[in-house]
Amino acid sequence: MKVAVLVFPGSNCDWDCVHAAEQTIEGAVVDRVWHTTDTLEGYDLIMIPGGFSYGDYLRSGAIARFAPVMQAVAKAAAEGVYVLGICNGFQILTEAGLLPGALRRNTGLKFRCHSSQLHVANADTAFTSGYAAGEVIDIPIAHGEGNYYCEDAVLEQLKARNQIVFTYTDNPNGSVADIAGVINEQGNVLGMMPHPERAVNSLLRNEDGIRLFTSIMKAWRERHAIVG
């Protein structure tokens, strides 16, 4: 399985994503891919990491969405390639129109960095099949603009189509409907504010993120009929 971890000026979680993929996805070949790249052919999973792409000037992700690599991401997503956007990556995906909604400043206008309890709202996705529906997991957050917002009509569509994947048990940022992560209608693009790549090692006393990555590996193997 080939994994691309995108790198923008200001990305700071790219190496975390590299290590998480290498540790949790058996046999994964992981490349860091610079934002000027215009093709992502041959990759099975594209990860857009957290950080402060282009310094988060204008809005978080507003400049990164115009990078050449994002055209390649849109093409890959349309072809069914798995895309995982974490924190700033989630913001970039919404700015690029690959996911609905937008991320605004946290309620209280404070940066929040701590453990976060999440409900697995949808365990029937390529990213969450390793979890149980309704299970509570611990995935850390670190963001100043994680307040997910969408209009009422969009929220009703997200609910009707089961596109809300994670919700907060104790909403830390003011997100509508406690939303922590959503998926596209096709089911191959997930954006989430919490950081599963920071929850894959017993040394950190948190391994709740491992099953997200192994779920992707399982879905990829099933798609390619790889058994074992």
Task: For the chain, built as a Gaussian network whose Cα springs stay under 10 Å, the top-fluctuating residue of G187, G146, G108 - done: G108
- [ ] Report the far tail of the P(r) of the chain, meaning the percent of Cα-Cα pairs longer than 26 Å.
- [x] 28 percent
TODO: With springs only between Cα atoms under 10 Å apart, run a GNM on the chain and tell me which of T107, T24, T167 wobbles the most.
DONE: T107
TODO: Pop the C-beta distance of C113 and N162 into the FRET formula with R0 = 35 Å and round what comes out to the nearest 0.05.
DONE: 0.70
TODO: Please work out the C-alpha center-to-center distance from the range 1-53 to the range 75-146 and express it in whole Å.
DONE: 16 Å
TODO: Please identify, among V33, V154, V18, the residue showing maximal mean-square fluctuation in a Gaussian network model of the chain using a 10 angstrom Cα cutoff.
DONE: V154
TODO: In nm, give the distance between the simple-model label positions of D38 and Q71, each being 7 Å from the Cα along the Cα-to-Cβ direction.
DONE: 0.6 nm
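Read-outs throughout are calculated quantities, based only on the coordinates presented, and are distinct from any laboratory measurement. Predicted model only: the values in this text are computed from it and were never measured. For neighbour counting, all protein chains shown are included, and Cβ atoms are generated from backbone atoms with ideal geometry for every residue, glycine included.
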